[in-house]
Amino acid sequence: MIKLKFILLFTILLVLHINGLDQIKKDKISKNVFNRLGTDLNNTLNIDDQIKLWIFFNSKDYIIENKQSTTSTGQTQTPSNQYKQIQSITGVNDDSIKRRSKRSINKKVPIFDETDLPVSEKFIKEIINDCNLNHEILSIKLLRKSNWLNSISIITTDKTIDSNDKSSSSSSSNENFQLNKVITCISNKKFVESIDLVSKLLNPQSGQDEIKEIRHHRFENSKNNNINDFNNPISKLLGHVKLLSSVQDDSSTIKYDKSFYGESFQGISQTSIDKLQRLGYDGYGLKIIVMDTGFYKDHDAFKHLKIIGEHNFIDNTNDTQEDPVENEDPRYSQNFHGTATLSVLGGFIPGKLVGAAYNASYLLAKTEIVEGEDTVIEEDNWIAALEWGEKLGASIISSSLSYQLYNYPEMNGKDSHLTKAANLAIYKGMIVVNSMGNKDYSIFGAPADGENVISVGAVDSSGRYAPFSSIGPTADGRIKPDIMALGVGYYIALSTSRSSFSSVDGTSFACPLVASGIALLMQAHPDWNTQQIYQAVLSTGSKASNPDPYVGFGVFNALGAYNFRPSVGDCYSTGCSNHGICCSSQCQCAPGYYGKQCQYKRVECGYRCQYDFNSICQSNNLGPSYTCVSQNDTANAILNQDPFSILFCKKSDNPTSTTTTPKPSTNFGGLIRIVISL
């Protein structure tokens with residue numbers, strides 16, 4: 001009888017445990033975790049010896065009020081003192097504050113908000129100390145902190161698997177058992193909002209991937225000796241160019257043609273960037289962050305470059321350059337991709353290679369690992385680099401890394417962690433320029449799906465669509481790519497030596513070309529906010545009147561964007577293009593339209609959703625559908641709404657939504673919103 005009671009009690013407890021775990025699955029553990037580990041965490045699986053997890057928190061343990069307050073030491077704080085305290089806590093520098101005050105979408109909002117405050121160290125310590133249950137079998141280690149997403153990334157490492165026997169079933173069983181306990185421990189913390197996988201991708205550098213083709217027959221060494229002292233200020237270098245040039249109209253004026261740009265002239269002139277440079281713009285005063293695989297800073301093209309900061313997010317050092325490997329295939333060099341993109345942005349060897357933003361200041365972030373023929377792409381490094389650059393005052397991010405980590409229905413401008421971070425960067429006054437990727441009809445990559453992210457595709461020298469360039473639209477029907485630029489046969493600095501160059505194909509190189517032109521545009525219009533810049537770029541592209549998911553709004557026109565006059569004021573004065581209504585000074589667009597003034601029409605859902613990605617179009621009995629959802633998403637499978645009219649205003653406070661003015665989340669439990677502004 002006692003044995004029977006014990007068995008019955010054990011059975012009841014087991015059922016309660018499983019039911020509790022099922023509840024945790026639904027509420028806190030993402031489908032990605034279950035897809036990765038199996039639908040039942042109690043199963044024994046053959047899984048890798050390392051797994052990276054996102055842990056999202058639901059609060060921050062800071063309380064800062066917009067009035068006189070008393071510190072723990074009894075001192076009275078005024079708003080001015082609090083402002084300095086907040087700046088010190090967040091690490092946001094003066095340049096970032098100035099950019100936020102000038103460039104942010106809504107200048108009426110505070111300079112600081114909850115997203116700037118650090119992730120709670122108390123929560124982190126509790127996770128690491130309480131949930132590192134058996135570190136001899138499975139250890140957990142803190143990797144990254146994201147203040148913006150209120151999250152951390154951790155890595156779990158199986159310490160029992162011998163390097164020569166990773167297939168041991170007993171080791172796998174032990175690891176999986178411990179991993180289940182770790183996930184359960186974390187999810188039971190009241191301050192934990194959710195758990196997700198850190199998306200990771202092995203991106204082979206071949207065929208139609210991010211480096212489309214490197215033309216070996218065009219490898220060459222520089223024979224240009226016009227510039228002997230690259231350590232001089234750029235103005236002195238340009239003066240030297242004027243004296244050496246034999247094709248000027250006079251000795252005091254540079255002729256911005258092929259004699260100056262060299263092999264870069266085709267891309268520069270196709271986008272009319274040369275015409276902005278004739279007006280005196282060169283990126284001066286702008287900070288640009290470049291996130292890539294690594295940078296060969298010793299190349300002759302960079303001897304003039306103002307590198308004001310760098311960080312290696314792979315090895316946690318302050319050096320983004322790897323030593324060259326003798327006889328290494330340059331495509332598989334850690335320095336290759338970053339060196340190439342940086343040279344398109346700001347390289348400077350007049351007569352050979354010139355990047356338009358050669359007089360900007362640069363922050364370099366190494367975020368990806370090149371392992372032979374593979375590049376290991378992990379999203380937490382990219383997000384950490386973005387937050388780092390924003391704090392240091394970067395105005396533009398050039399990212400030629402397309403993260404094809406998500407399913408197509410998730411490419412809706414708000415679901416991916418990368419896109420959420422990019423949306424917040426734009427909200428804080430940064431311009432995010434991202435390559436579309438080289439997957440042609442396959443999925444394009446995040447964060448290119450962000451509504452105000454400027455996603456860049458590739459064309460050839462005649463302005464024709466490059467067949468490898470990834471196409472749109474987004475899952476919610478927005479036009480992507482946004483803009484196009486030369487990405488076929490682009491001349492770049494090669495990381496094999498200080499004086500090596502080559503030609504390459506890929507949207508990776510169209511992206512920094514557009515970013516360099518936008519740097520000049522921002523220099524020319526220091527008071528334009530991020531939406532106005534986005535509007536100017538799209539409204540003046542070569543296909544602005546007839547955009548499509550292949551080439552977006554057409555080839556970038558820097559001079560046209562410079563001369564554009566973006567709308568000023570709220571929707572009560574500018575209207576909503578007859579496709580929406582004005583709600584609280586912002587346009588609320590009909591479902592078939594998007595944009596600040598509802599000026600862009602969505603692409604109807606159809607073949608691409610259903611056949612390219614094996615998903616379904618949202619059913620709408622009242623008109624066309626513009627949304628692609630997964631086959632299992634029954635909750636969003638039907639939406640009966642007239643896509644061409646909107647009858648009432650609705651409120652949205654989601655910071656990563658695709659509304660015109662995203663707002664930072666205010667759902668951080670005990671935090672009182674900061675409202676101290678300049």
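The values are calculated or read from the model by the stated rules, or taken from the named source; none is laboratory data. Just so we're clear, the structure is a prediction, and the values are computed from it rather than from any experiment. Counting neighbours? That spans all protein chains shown, and the Cβs are built from the backbone with ideal geometry, glycine included.
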Q. When the range 553-602 is examined, which residues are found to be in contact (Cβ under 8 Å) with a residue 40 or more places away in the chain, over 27 Å from residue 619 (Cβ atoms) and small (Gly, Ala, Ser)?
A. 554, 558, 560, 561, 584
Q. What strands (runs of 3 or more DSSP E), lying completely within the range 395-470, carry at least 2 residues that are under 30 Å from residue 489 (Cβ atoms) and in contact with a Cys (Cβ under 8 Å, 6 or more places away or on another chain)?
A. 396-399, 431-435
Q.
One residue is enough: does the range 482-489 have a residue meeting the conditions crowded, with 24+ Cβ neighbours inside 10 Å and over 23 Å from the mean Cα position of the chain (by Cα)?
A. yes
Q) List the pairs whose first member sits in the range 121-135 and is over 22 Å from residue 62 (Cα atoms) and outside any helix (DSSP H, G or I), whose second member is among the polar types (S, T, N, Q) and modelled with pLDDT under 90, and whose Cβ atoms are under 8 Å apart, counting only residues at least 6 apart or on separate chains? A) 132/139; 133/178; 134/178
Q) Within the range 611-638, can you find the residues that are surrounded by 13 or more Cβ atoms within 10 Å (Cβ to Cβ) and of a type in the set (Phe, Trp, Tyr)? A) 613, 626
Q: Identify the single condition in (1) under 26 Å from the mean Cα position of the chain (by Cα); (2) part of a loop (DSSP other than H, G, I, E, B); (3) modelled with pLDDT of 85 or more that residue 653 does not satisfy, given that it satisfies every other one.
A: (3)
Q.
Would you confirm, using the coordinates I've provided, whether residue 493 is in contact with a His (Cβ under 9 Å, 6 or more places away or on another chain) and not in a loop (DSSP other than H, G, I, E, B)?
A. yes
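Please specify each residue of the range 107-136 satisfying the condition of being touching a Phe, Trp or Tyr at 6+ places or on another chain (Cβ under 6 Å) and either surrounded by fewer than 19 Cβ atoms within 10 Å (Cβ to Cβ) or aromatic (Phe, Trp, Tyr) (or both). Write out each step before concluding.
The first filter runs over the range 107-136 and keeps only residues touching a Phe, Trp or Tyr at 6+ places or on another chain (Cβ under 6 Å), leaving 114-115, 117, 123.
The one that is touching a Phe, Trp or Tyr at 6+ places or on another chain (Cβ under 6 Å) and either surrounded by fewer than 19 Cβ atoms within 10 Å (Cβ to Cβ) or aromatic (Phe, Trp, Tyr) (or both): 123.
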Q: Please determine, by comparing only the residues of the range 58-114 that are of a type in the set (A, V, I, L, M) and not in a loop (DSSP other than H, G, I, E, B), which one is modelled with the lowest pLDDT.
A: 86
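Against the condition among the charged types (D, E, K, R) and under 21 Å from residue 315 (Cβ atoms), how does residue 428 come out, does it pass?
On the way: among the charged types (D, E, K, R): yes; under 21 Å from residue 315 (Cβ atoms): no.
Answer is no for this residue.
Quick check on my filter: what residues within the range 567-597 are within 25 Å of the chain's Cα centre (by Cα) and closer than 28 Å to residue 526 by Cβ?
So in the range 567-597, the residues within 25 Å of the chain's Cα centre (by Cα) come out as 593-597.
594, 595, 596, 597 - these are the residues of the range 567-597 that are within 25 Å of the chain's Cα centre (by Cα) and closer than 28 Å to residue 526 by Cβ.
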Q: Kindly indicate which of 275, 297 is surrounded by fewer than 23 Cβ atoms within 10 Å (Cβ to Cβ) and in a helix (DSSP H, G or I).
A: 275
(Q) Of everything in the range 148-186, what is crowded, with 21+ Cβ neighbours inside 10 Å and modelled with pLDDT of 75 or more? Give them in sequence order. (A) 148, 149, 150, 151, 152, 153, 154, 156, 179, 182, 183, 186
Q) Within the range 360-378, is there a residue that is surrounded by fewer than 24 Cβ atoms within 10 Å (Cβ to Cβ), over 16 Å from the mean Cα position of the chain (by Cα) and within 20 Å of residue 516 (Cβ to Cβ)? A) yes
Q | When residues of the range 490-542 are limited to those that are polar (S, T, N, Q) and under 21 Å from the mean Cα position of the chain (by Cα), the one farthest from residue 553 (Cα to Cα) | A | 529
Q.
Cβ-Cβ distance below 9 Å, separation of 6 or more or different chains: which pairs start in the range 192-207 with a residue that is farther than 19 Å from residue 124 by Cβ and part of a loop (DSSP other than H, G, I, E, B) and end on one that is at pLDDT 65 or above and among the polar types (S, T, N, Q)?
A. 199/32; 199/416; 207/438
